[in-house]
Structure formats: C-alpha cells, structure tokens
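Where a number appears in this text, it was derived from the coordinates with a stated rule and is not lab data. Since the structure is predicted, the reported quantities are computational estimates derived from the model, not experimental observations. Virtual Cβ from ideal backbone geometry, glycine too; neighbours counted across all protein chains shown.
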Amino acid sequence: MSGMVNNAQAANEIIRAPLNEGLLGVSEAIVKVRELLLRLANSEITALINGESGTGKDIAARMLHKNSSRYGKPFIKVNCPAIPESILESELFGYERGAFTGARTSKPGRFELANHGTIFLDEIAETSYTVQGKLLQVLDGEPVMRIGGITPVSVDVRIVAATNIALEDAVRRGVVREDLYFRLSDVIVRMPPLRERREDIPLLLEHFNYNYSERLGKAYEPIAQDLIDEISQLDWIGNVRELGACVKKYVATGNPEALFPEAKPAPATQAEPREASSAPSPAASRVEAKSSDGKKFVPLKVATQRAVEETERALIEEALRHTLWNRRKAAKLLDISYSSLLRRIDAYQIGKEDAL
C-alpha cells in the first residue's frame, strides 16, 4: 500500500471489510469524521451532514444510527429530490382516506414508519418551503399531522439531514428557510472529498477490488503498484462512489483502463480553485498522442466530447438560473427527462452556487 499504512493487520481489515460497512480509511480527515460521529451517536441532537456527491453522507448517517441506542429500530432514508415535489409532503407525513383524489385508503408517512428510530433526509435543501415548515415543526417536537387528518400523531424520531451545498448560501438565495437552517446547524459534519484524503485511495482501491472480485466470482489479484500510484494522484470528482464504480468495471472486464474515470469538469464546490497548468493530468495524458517531432495531439473524438460537455454544462447552468434551481422546470426547458438532468448535474458537479 505504498508504505502509507504501517499496520498490515489494520490495512487487511479495511481491504476485507464488507461494502458500505463504514467510513473506511486511515487519513486524519476521515478519522476525525468517524470520531465526531461516534461522539454524536447517542445524543439526540439533529446532525447535518455536508459534503460533495459520493463522499459517503449516507454511510455517515447509518453510522450515527448503528452506534446509537436507536439501533435495531427503523432507519428510514428519504431521497428528497427523487420524490416528486407534489407528493413529497404526503410521503413524509402521510395522509387520510379521501384527503385528495386517489387517496382511497389512509397511509402512514415516513416519520411514522421511523418511530423510535432514525429518519435520514438526504438533500434536504431540495424541499419546498411548505415541507420545510412542517419539518421545522417536527424538529421542534410537535406531533405529525397527516394530510386531511384531524388527530395529531406523536412520533419519537431522530432526524439526520444531508446536503451537498452550503445551507447558509441557500438561505441567502431564499431556497432554504432561515429558521430551518438555524435548527439544523447545531452540529455540521463535513465529509471530506477524496482529493483531501489521498492516502486512503490505495486502501480503498484494494477494498473495492477484493469485494467486487468476490461478488463477481473473480480471483482476487492486487492492483499493480504503478497503477495505484497513478490513480492516487487523480482528483476523483465523484469521490469514493466513482472510485468504487471504476474498480467494479475493472474487476468485471480485466481492463486497467477502466480504473481511470472519464474526463469531467472540476467540482464547483471544491474549496480552492486549482491553478491553470499546461501539464496534463495523469488521466488526460492517456488520451494524448505524440507526432514524430514530439508535438502532442488530442484525438478528435476526445476533443469533440469535451466541447459537447462544456456546452451541455453551460446550457444546464443557464436553465437552472432561469428556473431558480427548479430542476423539473429546467428539464422541460432543455427537453430532456428529469432523471437525465439529475445525472448530468451529478456528472458535471453543478452546485446551486453556480446556477443561481
């Protein structure tokens, strides 16, 4: 492991840990996050987990639940952007029979299903002001009221929320209620991007390599050291999730090229802008060719793809600005499906601070 882990036994345990078992790594950044989560686990304080896509916010939320006195009770995850805005309120709080057209029976909401356990509200900034107001009431200890209901339903639920943007910026833009922000921001757990914990990459590579080899029925063979060194220098825009996806393709195909991510724009949320450089990244150098006089050329197909991606990103940002980050309206303006827009926003790492 490039000499980055002195304790061979600890490295072996990380490599052979089950997928999604926890926040794996030995870097100071990830160790601090694990320590904070363990300190918070048995408190009833609402935790807000902040970090880029793919950094492990879901795993962090499950760690809080697993190490709390609520473990063994329900853990209910709500992916807020994945639920149409028109039905998110009823999904969260439930409804009574006849509350609206199509409500033929009563239905408990996610809060009721999570009673005595934990509810994880992923991408909470994607909710409407109406839903945010009701969430605030639950955070303040008030009972849940089903849509169309007349009897309050008491619930005992720990709320963990997550977002990939800075909520204080969302408040300034009017996307998130200020009172909800103050209620959620008692403790903020920041998930470090992979580029801030490069020493963990060799271990994570072999962790995914080992697990996917077993899952896909392949013989486990350690990744060549020169590949590990090269991969560890990449920024990994999609973070741990993208790293795992590339290793899975590598295990399935046996092609070392699969270990390298597709070229993508730098994340809009990274802490400091990178200085421009004429030197290609390790991944970019793999698609360049040299003429006999040493001049470098980028294949026409690659150059065309880059131009398409730059144009797509610009059009998506413009549509999101025009709709004030209403992604469903933006998808209609762009004449693409909602799911297709979500995939592109994730691929190009477009944050609200870029589009508003």
Formal net charge of residues neighbouring MET191 (Cβ-Cβ distance under 9 Å; K, R +1; D, E -1): +1
Residue-count net charge about LEU139 - beta-carbon cut-off 15 Å; Lys, Arg +1, Asp, Glu -1: -2
Cα-Cα P(r), the range 12-168, percent of pairs per 5 Å interval: 2, 9, 17, 20, 19, 14, 9, 6, 3, 2, 1, 0
Value of [θ]222 nm, deg cm²/dmol, for the chain, DSSP H segments ≥ 4, -39500 (n - 2.57) each, nearest 500: -12500 deg cm²/dmol
Pairwise label distance in nanometres, GLU85 with SER154, each label 7 Å out on the Cα-Cβ vector: 3.6
11 Å cut-off, amide nitrogen to a point 7 angstrom out along LEU227 Cα→Cβ, residues in the range 180-220: 206, 209
Relative exposure of PHE75, PHE100, PHE93, judged by other C-beta atoms within 10 Å (fewest first): PHE100, PHE75, PHE93
Convex hull projection area averaged over all views, the range 1-90, Cα basis, nm²: 8.0
Relative contact order of the chain, defined on C-alpha pairs under 8 angstrom at six or more residues apart (%): 18
Order of ASP200, ASP335 - criterion: other Cβ atoms within 10 Å of each residue's Cβ, fewest first: ASP335, ASP200
Environment charge of GLY51, counting only residues whose C-beta is closer than 10 Å and scoring Lys/Arg +1, Asp/Glu -1: +1
Among the listed pairs LYS218/LYS248; LYS32/LYS248; LYS73/LYS107; LYS66/LYS249; LYS57/LYS218; LYS218/LYS249, those beyond 23 Å (Cα-Cα): LYS32/LYS248; LYS66/LYS249; LYS57/LYS218
Stretch gain in nm, segment LEU300-ALA103, where the contour uses 0.36 nm per residue and the Cα spacing is subtracted: 65.4 nm
Which of ILE87, ILE30, ILE150, ILE223 has the fewest Cβ neighbours within 10 Å, and the rest in rising order: ILE150, ILE87, ILE223, ILE30
Label assignment, P(r) over Cα pairs in 20 Å bins from 0, in percent derived from the structure, set (1) 29, 49, 20, 1; (2) 29, 58, 13, 0; (3) 25, 54, 19, 1, 0: (3)
